[in-house]
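Visitor: What follows is a single structure, and I will ask about it in a moment.
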Amino acid sequence: MAEKSQGNGAYQLITPPNLLKAKVGKGGMSGIDPELIKRAEGVIDTMGDDFADSVTIEITRLMQLAMDLEDDPSKAEKVLKKARRIGHDLRGQGATYGYDLISDVASSLYRYAERLYSFAELNPDVLRAHADAMRAVIKNQVKGDGGEVGIDLVKSLDSLVEQMAG
C-alpha cells in the first residue's frame, strides 16, 4: 500500500496479492510434470491418426443427411440440427489434430446452418459441397491450411454460403 496525492485529494493505492503466482510458482509450469505433458501430447498424436477415420464417418453422415432432405423435405429441421452439430464438432477438432482445413470447411458448414432463416431454405447441394471438400482433404491427407488451394476452397465455400444463406 502506498499513500499518494493527486491534485487536491489523497488516495491510497492497494496492490492485491497474486494468489495464482503463489499456487503455480515463479517458473509458470513448475507444478506440472513435464513427462505428463509429453505423454498427453503423445495421446493427442495417436488420436490424430484416428481423426481421419472420424471425419470419414462424419462425411458419410453429412451425405446421408443430404439424401434424407431430398427424399423428405419435412425432415429439414432434423437435418439442419445434425449438420450444424457436425460442423460444430469438426471445426473444433480439426486444428487440434493438424487438419486446419477441415476446421475451416466445418466452420463454413456451421455458418451456413446458423444463417438460414427457415428450414425450407436448407439446400442438400450445400451439404454435399462441404462433404466433398472434407473428403478431398482427408483423401489427400492435407494437413494445415492447404496452402493456396485450401484458401481458394474455403473462399468458394464461403461464397456459396453467402449466396445460399445470406
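The numbers here are math on the coordinates, done by the rules we state, and not lab data. The structure presented is a predicted model; accordingly, all values stated were derived computationally and were not measured. A quick note on method: Cβ atoms are made from the backbone with ideal geometry, for glycine too, and the neighbour counts reach across all protein chains shown.
Visitor: Return a whole-number percent for the relative contact order of the range 99-166, with Cα pairs under 8 Å and 6 or more residues apart as the contact set.
Guide: Numbers: 52 pairs, mean separation 39.1, N = 68.
This gives 58 percent for the range 99-166.
Visitor: Would you mind checking Lys81/Lys155; Lys75/Lys155; Lys38/Lys155 for any pair whose Cα atoms are more than 31 angstrom apart? Display every interim value, and only then the final one.
Guide: On the way: Lys81/Lys155 24 Å; Lys75/Lys155 29 Å; Lys38/Lys155 37 Å.
Listed pairs above 31 Å: Lys38/Lys155.
Visitor: Then there is this: Pop a pseudo-label 7 angstrom from the Cα along the beta-carbon direction at both Asp33 and Gln163 and give the gap in nm to one decimal.
Guide: 5.6 nm
Visitor: Evaluate 2.2 N^0.38 Å with N set to the residue count of the chain, then give the Cα radius of gyration divided by it.
Guide: Numbers: Rg = 24.0 Å, N = 166, 2.2 N^0.38 = 15.3 Å.
For the chain, the normalised Cα radius of gyration comes out at 1.56.
Visitor: Magnitude of the Cβ-charge dipole of the chain, K/R +1 and D/E -1, about the Cα centre, nearest 20 debye?
Guide: 760 debye
Visitor: Report relative contact order for the range 50-165 in percent, whole number only (criteria: Cα-Cα under 8 Å, sequence separation at least 6). All intermediate terms of the calculation are to be shown ahead of the outcome.
Guide: On the way: 139 pairs, mean separation 36.8, N = 116.
Across the range 50-165, relative contact order equals 32 percent.
Visitor: Can you compute log10 of I(q)/I(0) for the range 104-160 with the Debye formula, treating each Cα as one identical point scatterer, at q = 0.24 Å⁻¹?
Guide: Listed by q, the Debye log ratios stand at -0.96.
Visitor: I've got another one for you. Put +1 on the Cβ of every Lys and Arg and -1 on every Asp and Glu Cβ in the chain; which of Thr60, Leu101, Pro34 then has its Cα farthest towards the positive end of the dipole?
Guide: After comparing all options, I get Pro34.
Visitor: Let me ask another. Calculate for the chain the 222 nm mean residue ellipticity that helices alone would give, adding -39,500 (n - 2.57) per DSSP H run of length 4 or more and normalising by residue count, nearest 500 deg cm²/dmol.
Guide: Result for the chain: -23000 deg cm²/dmol, rounded to the nearest 500.
Visitor: Please build a GNM for the chain, connecting alpha carbons under 10 Å apart, and tell me which residue among Gly92, Gly147, Gly48 fluctuates the most.
Guide: Gly147
Visitor: Tell me which DSSP H helices of the chain clear both cut-offs, 18 Å or more of axial length from alpha-carbon atoms and a mean Kyte-Doolittle hydropathy of at least -1.0. Walk me through the intermediate numbers first.
Guide: Values: long enough: 34-71 (54 Å, -0.03); 76-93 (25 Å, -1.10); 100-115 (22 Å, -0.29); 124-139 (22 Å, 0.07); 147-165 (27 Å, 0.44).
Qualifying helices, which must be both long enough and hydrophobic enough, are 34-71, 100-115, 124-139, 147-165.
Visitor: Calculated FRET efficiency, Ala95 and Asp71, Cβ-Cβ r, R0 35 Å, to nearest 0.05? Don't jump to the answer; show the numbers that get you there.
Guide: On the way: r = 34 Å, r/R0 = 0.98.
According to the calculation, E is roughly 0.55.
Visitor: If you don't mind, another one. May I have the extent of the alpha carbons of the range 35-112 along their three principal axes, as whole Å values ordered from largest to smallest?
Guide: Reported extents, whole Å, longest axis first: 53, 21, 18.
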